[in-house]
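Worksheet for the structure shown next.
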Amino acid sequence: MNKTPQSERLNIIILGACNSGKSSLINMLADQSVSLVSDLAGTTTDPVRHAIELPHVGASILVDTAGFDDTSLLGKDRVDLTGKSLEQADLALLLIGEHEETESEWISKLKNKGIPFVKVANKCDIHRSYSADVHVDALHRKGRDSLIEAIIRAIPSDFTSRDLLGALVKKGDLVLLVMPQDKQAPKGRLILPQSQTIRALLDRGCTALTATPDNLENALSQLTSLPDLVITDSQVFDSVEQIIPKGVRLTSFSILMAAYKGDIDFFVKSAKKITELNGKSRILIAEACSHAPASEDIGRVKIPAMLKKRYGDGMKIEIVSGKDFPENLGVYDLIIHCGSCMFNRKMVMSRIEKAKEANVPMTNYGVAIAHLKGILDKVTY
Ligand SMILES: Nc1nc2c(ncn2[C@@H]2O[C@H](COP(=O)(O)OP(=O)(O)O)[C@@H](O)[C@H]2O)c(=O)[nH]1
Ligand SMILES: [Mg+2]
């Protein structure tokens, strides 16, 4: 568990024509051969992800893609997959050269999606110099430093400045975390939202105090001043709210994650639309992972049961998982997305954009449950 989670890494997508040197560029950045280089067009089929540490950038994912001019039988499907990968991209490296028309199409796509990009002219050892942001010779690994500098300049400020706690805390705050370590908790370690929150609190110069729910009263009695904020697992929200002194701000890990990985105001506004549903409403439940028993339980069982209890069995509830996300969102009355621990913020935000375009409310598991349990008005976010 020494690795930075995938969803926290800078996601860099490499785009370019077949044989333009995308895989070579990745090997140059990784400073080792991680990607297959070949003269044959179409060597890279599906987008391939390489987790590496980039000097002065840190934990990154380099996404190698099929050439955008792939004309093989499967070419179109491959190029579509590249398009899908754009949804997770924080930044793009675009290898430019002889395919001006296709290149400008991709530039428009990137601009539309608000993805910053660096134009890279590769093979500068043999080609005339194209106009580009950086010139490299990936084969002989020349130009690595200037490429990394260009990447650093292009990193969106949103990526570096965001953390889980947003404006909720300031330096020196005392924050009490209520973390049940029940049977579902993995043996010998903390789950990701808990460890990420503790890390973020330490980075922000806060004091993090942790307690299980049954030890909460005892922990509070040992304090000489009230905590500035309490963050609890949402499962025990109600009892925690009863125990902590009035006036102490309270939030939950899932609300923090929702704010970090999405648009919390939109999620809250959308969750309130649950009240306007009826027995014929059509709901889309979207999960990021296909094999997570715990979240499956929430998305596949818990939330549908809570909704049907209110509005009857006539509701249409559809569940999609992984990267599948319907094109036509307009048919749904509400979208409820999982907490997205496997997705990066970029991916969630691009789904939110699609929901907004289709004029459909979209919330997430944590916020929806908070609303269904009547606690949404009591949380700080
Ligand atoms: N001369 C020269 N050849 C390169 C350079 N970068 C890549 N190549 C060669 O171009 C071919 C295609 O490279 P590759 O990285 O597989 O391209 P991809 O299809 O875009 O992934 C290989 O034969 C590489 O050795 C470069 O900067 N200079
Ligand atoms: Mg390749």
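Candidates Leu147, Leu176, Leu165: the one that is away from ligand 1 (no atom under 16 Å from the Cβ), modelled with pLDDT of 95 or more and in contact with a helix residue (DSSP H, G or I) (Cβ under 9 Å, 6 or more places away or on another chain) is Leu176.
Entry remark, the range 126-144: residues being within 9 Å of ligand 1 (Cβ to nearest atom) and among the acidic types (Asp, Glu) number 1 in total. A Cβ distance below 6 Å, combined with a sequence gap of six or more or placement on separate chains, defines the contacts here; from the range 367-381, residues that are free of Cβ contacts under 8 Å to residues at least 40 places away in the same chain reach no residue that is basic (Lys, Arg). Within the range 73-81, can one find any residue that is at pLDDT 85 or above, crowded, with 17+ Cβ neighbours inside 10 Å and among the β-branched types (Val, Ile, Thr)? No, the conditions are met nowhere in the range 73-81. For Ala305, are the conditions met, namely being over 21 Å from Gly279 (Cβ atoms) and out of contact with any strand residue (DSSP E or B) (no Cβ under 7 Å at 6 or more places or on another chain)? The answer is no for Ala305.
Of all positions in the range 320-335, at least one carries a residue that is among the hydroxyl-bearing types (Ser, Thr, Tyr) and in contact (Cβ under 8 Å) with a residue 40 or more places away in the chain.
Here the helices (runs of 4 or more DSSP H) wholly within the range 286-366 that include at least 2 residues being over 27 Å from Pro156 (Cα atoms) are 293-296, 303-311. For first residues located in the range 194-212 and assigned by TED's automatic domain parsing to the domain that holds Pro180, partners that are in a helix (DSSP H, G or I) and lie 6+ apart or on another chain with Cβ distances below 6 Å form the pairs Ala208/Ile198; Ala208/Leu201; Ala211/Ala219.
Within the range 324-376, the set of residues being on the phi > 0 side of the Ramachandran plot, at pLDDT below 95 and surrounded by fewer than 17 Cβ atoms within 10 Å (Cβ to Cβ) comprises just one member, Gly374.
Checked against (1) touching a strand residue (DSSP E or B) at 6+ places or on another chain (Cβ under 9 Å); (2) more than 16 Å from ligand 2 (Cβ to nearest atom); (3) at pLDDT 95 or above, Asp137 passes all but condition (1). Candidates are the residues of the range 217-228 that are aliphatic (A, V, I, L, M) and over 14 Å from Met179 (Cβ atoms); the one that is surrounded by the most Cβ atoms within 10 Å (Cβ to Cβ) is Leu220.
Pick from the range 240-285 the residues that are in a loop (DSSP other than H, G, I, E, B) and of a type in the set (Gly, Ala, Ser): which of them is surrounded by the fewest Cβ atoms within 10 Å (Cβ to Cβ)? Result: Gly247.
State which residue is farthest from Asn218 (Cα to Cα) when the search covers only the range 230-256 and only residues that are in contact with a Leu (Cβ under 7 Å, 6 or more places away or on another chain) and of a type outside the set (Val, Ile, Thr). Among those that are in contact with a Leu (Cβ under 7 Å, 6 or more places away or on another chain) and of a type outside the set (Val, Ile, Thr), it is Leu256.
Would you confirm whether or not the range 205-226 contains a residue that is of a type in the set (S, T, N, Q) and either touching a Gly at 6+ places or on another chain (Cβ under 7 Å) or under 22 Å from Tyr260 (Cβ atoms) (or both)? Yes: one or more hits.
The values are calculated or read from the model by the stated rules, or taken from the named source; none is laboratory data. Predicted, not measured: the structure shown is a model, and the values here were computed from it. Every residue, glycine among them, receives a Cβ derived from its backbone with ideal geometry; neighbour counts consider all protein chains shown.
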